[in-house]
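Shown next, in structure tokens, is the structure this report addresses.
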Amino acid sequence: DELVVSPELSLGALEALADHADWRVRHQAEVTLAYRADPELAGRIATLAPVTTRAGTPALSSPLLSEEMALPLMVDRLVHGGEAGALRVSLARAVSADEALSGDTLIGLYAQEADAEVRAALIVGARKHPDAAASLSLLTQGLADSSALVRAESAAAAGSHPQGASLGDALIAALRGDEAAEVRGSAARAAG
């Protein structure tokens with residue numbers, strides 16, 4: 001991290017690191033590039049606040065989210081921002097819905113996340129993520145999560161995933177054996 005944020009790194013070196021195999025190195029390089037390219041955008045992304053949707057859930061909605069450099073800044077805010085729960089859920093939903101988010105970054109974010117509500121929000125993005133292998137891996141992990149909320153969201157996502165049928169055995173196992181009624185219900189709907 002210290003090397004990536006060093007002002008001594010050239011633009012070329014940062015661009016090379018943005019292609020690194022480790023998602024964390026790529027992410028830090030992309031954030032540094034974003035800060036260098038548009039510090040004003042970085043400041044505006046850092047202060048975006050969620051609005052309440054008609055469904056009563058917090059969501060981030062802004063034309064800023066479609067900016068080219070917005071995604072790494074949003075991921076950085078999710079990982080390092082120290083935000084409150086509802087805002088972190090909104091960040092996770094916004095990040096996971098972005099098709100430009102790499103599959104390994106989505107899996108990495110899920111793996112390091114301690115908050116079950118944030119993990120469940122990340123699962124939502126797996127429904128239609130362009131990296132089918134990564135999204136199926138994430139849904140498989142989600143079906144085995146310690147949180148019933150995450151397991152239920154994973155079962156629901158499997159039902160609408162283009163390759164969700166490959167998770168049929170896991171859904172049937174959840175339907176037959178999960179102690180949480182909401183997980184069994186989501187598994188039944190998804191299997192149907």
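Go through region 42-56 and give me each residue that's in a loop (DSSP other than H, G, I, E, B) and over 17 Å from the mean Cα position of the chain (by Cα). Those that are in a loop (DSSP other than H, G, I, E, B) and over 17 Å from the mean Cα position of the chain (by Cα): THR47, LEU48, ALA49, THR53, ARG54, ALA55, GLY56. Looking across region 59-72, the residues that are out of contact with any Lys or Arg (no Cβ under 7 Å at 6 or more places or on another chain) and open to solvent by 10 Å² or more (accessible area, probe 1.4 Å) come down to LEU60, SER61, SER62, PRO63, LEU65, SER66, GLU67, GLU68, MET69, LEU71, PRO72.
Among residues of region 108-165 being acidic (Asp, Glu) and open to solvent by less than 30 Å² (accessible area, probe 1.4 Å), the one that is farthest from PRO58 (Cα to Cα) is ASP145. The set of residues in region 175-192 being touching a Leu at 6+ places or on another chain (Cβ under 6 Å) and either under 18 Å from LEU136 (Cβ atoms) or not in a helix (DSSP H, G or I) (or both) consists of ALA187, ALA190, ALA191.
For (1) β-branched (Val, Ile, Thr); (2) more than 30 Å from PRO39 (Cα to Cα); (3) touching a residue at least 60 places away in the same chain (Cβ under 8 Å), each residue gets a yes or a no:
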residue: MET74; (1), (2), (3): no, no, no
residue: HIS80; (1), (2), (3): no, no, no
residue: GLY85; (1), (2), (3): no, no, no
residue: GLY108; (1), (2), (3): no, no, yes
residue: ALA111; (1), (2), (3): no, no, no
residue: GLU117; (1), (2), (3): no, yes, no
residue: ASP131; (1), (2), (3): no, yes, no
residue: ALA152; (1), (2), (3): no, yes, no
residue: SER160; (1), (2), (3): no, yes, no
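Kindly evaluate ARG54 against the criterion of being open to solvent by 30 Å² or more (accessible area, probe 1.4 Å) and under 21 Å from ASP115 (Cβ atoms). So ARG54 fails the test.
The values are calculated or read from the model by the stated rules, or taken from the named source; none is laboratory data. Since we're looking at a predicted model, the values are computed, not measured. Reconstructed Cβ throughout: ideal geometry from the backbone, glycine too, with neighbour counts over all protein chains shown. Ligands, DNA and RNA are excluded from the accessible area calculation, which covers all protein heavy atoms including side chains. Shrake-Rupley method; radii C 1.70, N 1.55, O 1.52, S 1.80 Å.
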